[in-house]
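Novice: One structure is given below, represented as C-alpha cells, and several questions about it will come after.
A short reminder: the numbers here are calculations on the coordinates, not readings from a lab. Only a predicted model underlies this, so the values are computations on that prediction, with no experimental measurement involved. All Cβ positions, even for glycine, are placed from backbone atoms using ideal geometry, and neighbour counts span all protein chains on display.
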Amino acid sequence: MAEILIVDDDPQLRQSFGKILRTEGHSVRMAGSGEAGLAAVQERVPDLVVLDVRLPGMSGLETFKAIKAVDPKLPVIVMTAYGTTETAIEATKMGAFDYVLKPFNIPALLDLVSQALKAGRFMRSKVALDAQPASPQEDALIGRSRAMQDVFKAIGRVACTDATVLIRGESGTGKELVARAIYQHSHRSFGPFMVINCVAIPETLLESELFGYEKGAFTGAVSRRMGKVEQAHHGTLFLDEIGDMPVSIQAKILRLLQERSIERLGGRRPIPVDVRIIAATNRNLEEAVAQGRFRDDLFYRLNVVTLTLPPLRERREDIPLLAEYFLSRYAAEMGVANPGITQDALQCLMAMDWLGNVRQLANVIRKALIFNRGFPLENADVRRAVGEEPNGEELSKGAKDLAGLTAALDQWILHQLRHGVAERLFDALVDDFSARVIRLTLEMTKGNRTHAARLLGVSRPTLLARMEKYGIRVEAAVAS
Ligand SMILES: Nc1ncnc2c1ncn2[C@@H]1O[C@H](COP(=O)(O)OP(=O)(O)OP(=O)(O)O)[C@@H](O)[C@H]1O
Ligand SMILES: [Mg+2]
C-alpha cells in the first residue's frame, strides 16, 4: 500500500481515479491546483504524485519543478491530454517518471503506477553494504566472506565512476541488489534509475519500450513516445537479463554505448542521451557469443567492469548471517517476535547447496517462520521448509521462469491492450494458452491422447476437437 497524491483541476477525474487507486489498496490525497499540490507535498511527501500538466494558476510544469525541489526522488507521473504531449515530454526530460495520455486506459495506468512505486522504492530505500540495516525495511547486502567483501569493495570503486558495469552470477545471488547499490552510491543517485527486464518484454515491444517512437512510426503510434533510455537521461539504466536480449536490439544498445545517442522508432535524427548502463545476466555470455546469440562487440563493451557474484555454496560462512538477517526481517514484516534459530539448524542450512542461492534461502526462512509457534527454529523446521521449496535446479529453470512468466505475461497483455495489437485479444490469448498446454501434455504422455485427456480433465472428444482446432498432430508411432 502506498500514498498517492492526485493533482488535477477536474474534480470528476480526481474522484474516479482516486476510487480506482483506493480499490487497489492505496491511500489517496487530492489537490485541485498546482499550489495545493505543492502544499500537500510540503506537508508530507507521498510515495507518488500523479500530476495533470494543464492546470489553472501555477502551471503543471512549474508545479512539477517545485515538487521535485522538495524531494528529487519522488516519482511523478504526468497526465496529459491530446495536444499537450510536448509539455509532458518536457516534464519527462526533467525527470518525471513517465506520462499518460487522457482518456486513460485503466490497466495501463495501474501498471505504470506500480512501476513508478517500485522505481521510487528502488531509488529511496537504501541498500546498506556489509552492515546490518538501520531498519527492517531497509535492504542490505549481507556477507562477510572474502568473496563478498571483494564485491563490496568493487561496488565502492565503480559506483563513483560512469563506467558501464556488468554484473554476473547465478540466479538469486543478488545481482539486482548490487545494481541498486551501485546506483545509490553513485553521483547519479539523484537521477532516475530505470529498469528494463529483457526477458519480461516480447521482442517486438522491447524495442519501442527502450527507444520510444515518433508519431506514425507504426499503426497505433498516435503520438510520440519516449523510451526508457531517454527517460533515464542523466540517470542510470539497468538492463536486467541482458543475456536474453534479442540480437536486433543488442545492435542498438551497442550504438548507445559507442555513440551515446539513440534514435526513436520512425525517427530520423539521433538523440543524445547521458545514461550510465548497468547490465546483469545469469547466462554464460562467452557461450552465447560462441553460438552467435550475443554480439561479441557488445560483450566487449559491456565487459569493462565486471562484478561476479559468487554462488552461496561457495561462501557458506555467510549462510548463518543471512539466515539471521532474513529471520529478523521477516519476523518484523509479519509482526511476530523473532524466535531465533538453533546452532543445529544453522549447521543444517550451511550444509546445503542452495542452487537457488540467497533467494532460495530467504524463501526457506520465510516458510519456516510462517509455521513457527514461537520456539527457535530447529533442524526439523528448516528441513520441512526446504522440502517445500523446489530444488535449486528446478528453481533456476522452472520456478524462476514461472515467476518471470507471470510478470512477462502481465506486461505483454498490457502492451496488447495499450497498443490494440491483437484484434480479438481474449480469444487469441486463450487459444494460444490452450494450444500450449495441450502440446506440453501430449509431449509428456508421449502422444497418448486418452492419458492426456485424463490429465487435463477433459473428455477425449473435447481434446481431439481442440487438437484439430489448433492443428496439433501427434506422431502416428506414439498415437494412442
Ligand atoms: N547478499 C545478500 N544479502 C541480502 N539479501 C540478498 C543478498 N543477495 C541476494 N539477496 C536477496 O535475495 C533475493 C534475490 O536477489 P536478486 O533479485 O538481487 O537476485 P538476482 O541475482 O537478480 O537473481 P535473478 O538472476 O534470478 O534475477 C532478493 O530478495 C535479495 O534481496
Ligand atoms: Mg535479477
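Novice: Take the Cβ-Cβ distance between Thr219 and Gln12 as r, set R0 to 25 Å, and report the resulting FRET efficiency rounded to the nearest 0.05.
Specialist: Details: r = 32 Å, r/R0 = 1.27.
That gives a FRET efficiency of 0.20.
Novice: Give me the number: length gained by fully extending Glu317 to Asp71, i.e. 0.36 nm times residue separation minus the C-alpha to C-alpha distance, one decimal in nm.
Specialist: Details: separation 246, 0.36 × 246 = 88.56 nm, distance 4.00 nm.
Here the answer is 84.6 nm.
Novice: What's the exposure ranking of Cys348, Cys198, going from fewest to most Cβ atoms within 10 Å?
Specialist: Details: Cys348 20, Cys198 23.
In order of increasing Cβ crowding within 10 Å: Cys348, Cys198.
Novice: Now, a different point. With each run of n ≥ 4 DSSP H residues scored as -39500 (n - 2.57), what mean residue ellipticity at 222 nm is computed for the chain after dividing by its residue count and rounding to the nearest 500 deg cm²/dmol?
Specialist: On the way: 20 runs with 233 residues, N = 480.
About -15000 deg cm²/dmol.
Novice: Length gain on complete extension for the stretch Ile106 to Val336, per 0.36 nm per residue less the alpha carbon to alpha carbon distance?
Specialist: Working: separation 230, 0.36 × 230 = 82.80 nm, distance 3.69 nm.
Net length gain for the segment: 79.1 nm.
Novice: Now for a separate question. Let a ≥ b ≥ c be the square roots of the eigenvalues of the Cα gyration tensor of the chain; is it rounded (a/c under 1.5), or, if not, prolate (a/b larger than b/c) or oblate?
Specialist: On the way: a/c = 1.45, a/b = 1.14, b/c = 1.27.
Cα axes put the chain in the rounded bin.
Novice: Also, I was wondering about something else. Please give the FRET efficiency for His451 paired with Phe426, using the beta carbon to beta carbon distance and R0 = 22 Å, rounded to the nearest 0.05. Before the final figure, lay out each step's value.
Specialist: Working: r = 30 Å, r/R0 = 1.36.
After rounding to 0.05, the efficiency reads 0.15.
Novice: Also, quick follow-up: Could you tally the net charge around Gly32, taking each other residue with its Cβ under 9 Å from the Cβ of Gly32, Lys/Arg +1 and Asp/Glu -1? Write out the running numbers ahead of the final one.
Specialist: On the way: positive: Arg14; negative: Asp8, Asp9, Asp10.
Cβ neighbours under 9 Å give a net charge of -2.
Novice: Here is a further query. Among all the lysines, which ones have a C-alpha under 22 Å from Lys68's C-alpha, if same-chain residues fewer than 8 places away are not counted?
Specialist: Output for Lys68: Lys93, Lys118, Lys126, Lys228.
Novice: Right, another one. What is the sum of charges around Val50, taking Lys and Arg as +1, Asp and Glu as -1, for the other residues whose C-beta is under 15 Å from the C-beta of Val50?
Specialist: Details: positive: Arg14, Lys19, Arg22, Arg29, Arg54, Lys68, Lys102; negative: Glu3, Asp8, Asp9, Asp10, Glu24, Asp47, Asp52, Asp98, Asp111.
Spelling it out: positives minus negatives among the neighbours equals -2.
Novice: Order the peptides 201-214, 331-344, 352-365, 34-47 from the highest to the lowest mean number of other Cβ atoms within 10 Å of their residues.
Specialist: Sorting 201-214, 331-344, 352-365, 34-47 by mean packing, highest first, produces 352-365, 201-214, 34-47, 331-344.
Novice: Full extension from Tyr82 to Ala465: what is 0.36 nm times the residue separation minus their Cα-Cα distance, to one decimal in nm? Spell out each step's value before the answer.
Specialist: Numbers: separation 383, 0.36 × 383 = 137.88 nm, distance 4.73 nm.
Going from the current span to full extension adds 133.2 nm.
Novice: Let me ask another. Using the beta-carbon distance between Leu440 and Ile413 and R0 = 25 Å, what value does 1/(1 + (r/R0)^6) give for FRET efficiency, to the nearest 0.05? Write out the running numbers ahead of the final one.
Specialist: Working: r = 21 Å, r/R0 = 0.83.
Efficiency, rounded to the nearest 0.05: 0.75.
Novice: If each of Arg124 and Asp274 carries a label point 7 Å out from its Cα toward its Cβ, how far apart are those two points in nm?
Specialist: Going by the 7 Å Cα→Cβ label model, 2.6 nm.
Novice: If Lys and Arg each add +1 and Asp and Glu each add -1, what is the summed charge of the other residues whose beta carbon sits under 9 Å from the beta carbon of Thr164?
Specialist: On the way: positive: Arg276, Arg301; negative: Asp162.
Every neighbour counted, the sum reads +1.
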